[in-house]
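The values are calculated or read from the model by the stated rules, or taken from the named source; none is laboratory data. Quick caveat, the model's predicted, so the values are computed rather than measured. We place every Cβ from the backbone using ideal geometry, glycine too, and count neighbours over all the protein chains shown. Accessible surface areas use protein heavy atoms only, side chains included; no ligands, DNA or RNA. Shrake-Rupley method; radii C 1.70, N 1.55, O 1.52, S 1.80 Å.
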Amino acid sequence: MNALPLQENLKKFTHIEDCPIRNIISRFSGKWTMLVLCILSENPSTRFNAIGKALPDISPKVLSDTLKNLESDGMLTRQVYAEIPPRVEYSLTQLGKSLIPLISDLITWAIDNFEKFPSKC
């Protein structure tokens, strides 16, 4: 079987709206998205403040925006309880849970290769 010429092979990446890699990766390329998903995978039904305490260097605004984006992408659900004061908990959806094994593989790769990258600190 002949491989496609390089130019033909690269065309699948050029259509911004139709490129699955661009569209999916852009949703998870933020600094906090995968960390929030990992927290929710280990702590189902997690409250906003608990997520914030697990990530002390995230601002409440950025955490709120991250959670809203993940909810709108169908990765998590937001459950509001009619209590005083109101209680809100976040949980992964089935779609979100299906991503966790892939993130776990990436974490394993990062741990195995962390020392090979120059320090950014």
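Among the criteria (1) within 15 Å of E71 (Cα to Cα); (2) under 14 Å from the mean Cα position of the chain (by Cα); (3) among the β-branched types (V, I, T), the one T46 does not fulfil is (2).
When T66 is tested against (1) closer than 14 Å to W32 by Cα; (2) free of Cβ contacts under 8 Å to residues at least 24 places away in the same chain; (3) of a type in the set (V, I, T), just one condition goes unmet, and that condition is (2). Looking only at residues of the stretch 75-86 that are within 18 Å of E42 (Cα to Cα) and free of Cβ contacts under 8 Å to residues at least 24 places away in the same chain, we find that the one that is least open to solvent (accessible area, probe 1.4 Å) is T77. The residue of the stretch 27-72 that is surrounded by the most Cβ atoms within 10 Å (Cβ to Cβ), among those that are under 18 Å from L106 (Cβ atoms) and charged (D, E, K, R), is R27.
Residues considered: L95, L106, L63, L102. Of these, the only one that is in contact with a Phe, Trp or Tyr (Cβ under 8 Å, 6 or more places away or on another chain) and either assigned to a helix (DSSP H, G or I) or modelled with pLDDT of 95 or more (or both) is L63.
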